Amino acid sequence: MIWLRKSRVSASRLPRIFGEGRRRSIALVAVLALGQALAAGVAAFATRDVFAALRLSEADLPLLALSFIALLGLSIAVLRVAERLVAERVGQDYAASLRLKLFKHLTRMSARDVSARRRGALAMRFVGDLSAVRGWVSLGIARLISASIVLPVTSGVLFLLNPDLAAAAAVPIVLGLIVMGFIGPCLGPAHRRLRARRARLAADMSERIPHAPELRLLGRSQIEISHLVRRTEKLISSALERARGAALLRAVPDAVSGFAAAAVLWTALRTGTSGAEAAGALAAVGLLIQPMRDLAGVWDRHRAWVAARDKCDAMLAAPKLDLPRRQPAKPLPDEPRSLKFRGVSAGLLHAIDITAQAGQKIAIVGGNGAGKSTLLGLAAGLEQPDEGKVTLGGRTPISLRASERRRILALVGKHSPILAGSLRRALTMGVASRPDDDAILAQAEVFGLKEMIGRLGGLDGKIAEAGQNLSAGEARRVLLVRAALSRPQLMLLDEPDDVLDTDGPDLVEHLTRQSDATTLVITHSLAVARRMDQLWFIEDGRILEAGAPEDLLAGESVTARFFAPRQAA
């Protein structure tokens, strides 16, 4: 049980393997293993009695012993199947618990930290690593427990049959276990290399697959194929290295079985032991080999578990947003509130001190990489200030309850989710009070989705994964409809018109003016900027200018110079 104790200590952030009701199921695995061991012991004695009867030509058929052998064999099979099912349930339950913990942790990380991770590496956490975790719990721990019970019980049976034969068999069996103990740890580096190369290949593939046609147009198909071939060859090399070690480990019990059988027969011949006792001892030795094979698999799965566990643990160690433990007693009222930034620094932003008054429509403008999206993320509660404080009506956005966020906040970002499912679901996701179909269709028509709705077959039409069966403009219009249906108190729009047709500025103005929500709009569009109440100009993480559009877009202001090329066009 040393492995279990070490695993629990080194993976303290992971769910406890023996927690959440799994302890009882693991205890049941031990009971089923004990049943197998006892059945195997009785079968060995029954085998001895059958062979003893063979020596007596006039003896009655040992029907009882033969019946015991048949029934005990069936019992062992049934117990082993039951053990396997219980262990699989425990493994699946633990993997599900870890999956949920990893996902919850991701939801509490800042959007900036999540976006910095490669999608393939994240997918590896939820597929490859969780498979290794499940395998360790269901096929590793369970078989370790089983082998820890079956080996000593069956060995005891062997000594009861004949101590001399037991001692002879013990030598190769103990040596085999020692050899396995030396080979097992050597699988660790092989598993780590295999896991790392599998993760890199998964990340490379997930990055390139969506752009395969464009890569061909860029003349990079062969270059990328060569890159993937090199990655694949390294993966195959690591897989073979791990398979070689695992095969060698699994070969030890097979070699031990031959040496143990030979030792038993040699000792029986040398000591004049009866054939019946020798046959019973051989049966017991055969039953000892199966748990040794299980132990070989345990080593392999433990090494895979350690590599996966460390990666999952590292992800759970990533910083989370500092959510308040106690929720405020008073919820925000159903009315627009002022949004205040007081001495806020985060990422590129430095010492932001500004207020969006309740109900104001504000355009945030500036060059790429100036910090505009970070400002919006802070307002939404997707980011946390390194210094200073962001408040919405006296509450920090990050402290809003889930029900409050649905009621108060609407965010249209460049990567806002459109999940696979019905069009109705896509248009109303996150809406606190789902409107009826007539209201949904009315807003969808306002935002130019009538033709798309007809093409998909109405609100029950299916949206593909990530909205892949929608054009970029249609996907953006879906998000605008969602914001309009939310009727929020705070509306945050990140370049809402950048993929829309010439009616984009009109749609943005309609969305913002039909609502009394406090609104921040990141835009590079002069037409959109002119229609807002205020402009905030950001450069190098600082707000250089703030004021009415008619003031900042005239004269020699920084904002006017920024838009000068657009005005000339």
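The values are calculated or read from the model by the stated rules, or taken from the named source; none is laboratory data. Please read these numbers as outputs of a predicted model, since none were measured by experiment. Every residue, glycine among them, receives a Cβ derived from its backbone with ideal geometry; neighbour counts consider all protein chains shown.
Quick notes on this structure:
- Top-ranked residue in segment 214-244 [being acidic (Asp, Glu) and loosely packed, with under 12 Cβ neighbours inside 10 Å; ranked as farthest from His191 (Cα to Cα)]: Glu214
- Thr518 free of Cβ contacts under 8 Å to residues at least 12 places away in the same chain and among the β-branched types (Val, Ile, Thr): no
- Meets criteria (outside the structural domain of Arg242 (by TED's automatic domain parsing) and either outside any helix (DSSP H, G or I) or at pLDDT 80 or above (or both)) for Arg309: no
- The residue that is farthest from the chain's Cα centre (by Cα), among those in segment 521-530 that are within 19 Å of Leu479 (Cβ to Cβ) and in contact (Cβ under 8 Å) with a residue 60 or more places away in the chain, is Val528.
- Segment 184-224: number of residues that are without any contact (Cβ under 8 Å) to a residue 24 or more places away in the chain and more than 30 Å from Leu144 (Cβ to Cβ): 17
- Matching residues in segment 350-373 - criterion: being over 15 Å from Thr391 (Cβ atoms), outside any loop (DSSP other than H, G, I, E, B) and among the hydrophobic types (A, V, I, L, M, F, W, C): Ala351, Ile362, Ala363, Ile364, Val365
- Per the conditions (1) farther than 19 Å from Ala44 by Cβ; (2) assigned to a helix (DSSP H, G or I); (3) touching a residue at least 60 places away in the same chain (Cβ under 8 Å), the sole criterion not satisfied by Asp254 is (3).
- Annotation note: Cβ proximity below 7 Å between a residue of segment 338-365 that is assigned by TED's automatic domain parsing to the domain that holds Arg542 and a residue that is among the acidic types (Asp, Glu) and crowded, with 17+ Cβ neighbours inside 10 Å (sequence gap 6+ or interchain) occurs for Ala346/Glu383.
- Asp322 closer than 30 Å to Gln489 by Cα and either charged (D, E, K, R) or assigned by TED's automatic domain parsing to the domain that holds Phe45 (or both): yes
- Within segment 269-282, residues that are of a type in the set (Ser, Thr, Tyr) reach partners that are at pLDDT below 85 and surrounded by 14 or more Cβ atoms within 10 Å (Cβ to Cβ) with beta carbons closer than 8 Å, at six or more positions or on different chains, in the pairs Ser274/Ala52.
- Selected residue (only one of Ser399, Ser403, Ser373 is in the same structural domain as Thr512 (by TED's automatic domain parsing) and closer than 30 Å to Ala548 by Cα): Ser373
- Helices (runs of 4 or more DSSP H) wholly inside segment 126-192 containing at least 1 residues that are under 30 Å from Lys104 (Cα atoms) and assigned by TED's automatic domain parsing to the domain that holds Val90: 130-135, 142-161
- Restricting Ser12, Ser25 to residues that are at pLDDT 85 or above and hydroxyl-bearing (Ser, Thr, Tyr) narrows the list to Ser25.
- Residue in segment 391-400 that is surrounded by fewer than 17 Cβ atoms within 10 Å (Cβ to Cβ), touching a strand residue (DSSP E or B) at 6+ places or on another chain (Cβ under 6 Å) and assigned to a strand (DSSP E or B) present: yes
- Of all the numbered requirements in (1) modelled with pLDDT under 85; (2) under 29 Å from Phe68 (Cβ atoms), Trp299 misses one, and that requirement is (2).
- Qualifying residues in segment 179-213 (those that are out of contact with any Lys or Arg (no Cβ under 9 Å at 6 or more places or on another chain) and charged (D, E, K, R)) - the one surrounded by the most Cβ atoms within 10 Å (Cβ to Cβ): Arg198
- When restricted to residues that are part of a helix (DSSP H, G or I) and free of Cβ contacts under 8 Å to residues at least 24 places away in the same chain, segment 414-451 contains 7.
- Applying the criterion of being in contact with a helix residue (DSSP H, G or I) (Cβ under 7 Å, 6 or more places away or on another chain) and at pLDDT 85 or above to the residues of segment 321-347, the residue that is surrounded by the fewest Cβ atoms within 10 Å (Cβ to Cβ) is Gly347.
- Residue within segment 490-510 that is crowded, with 21+ Cβ neighbours inside 10 Å and either over 39 Å from the mean Cα position of the chain (by Cα) or polar (S, T, N, Q) (or both) present: no
- Scanning segment 557-569 for residues that are exposed (fewer than 12 other Cβ atoms within 10 Å of the Cβ) and not in a loop (DSSP other than H, G, I, E, B), we see that the one that is modelled with the lowest pLDDT is Ala568.
- Subset of segment 262-276 [assigned to a helix (DSSP H, G or I) and either at pLDDT below 85 or over 17 Å from Ala40 (Cβ atoms) (or both)]: Ala262, Ala263, Leu265, Trp266, Thr267, Ala268, Leu269, Arg270, Thr271, Gly275, Ala276
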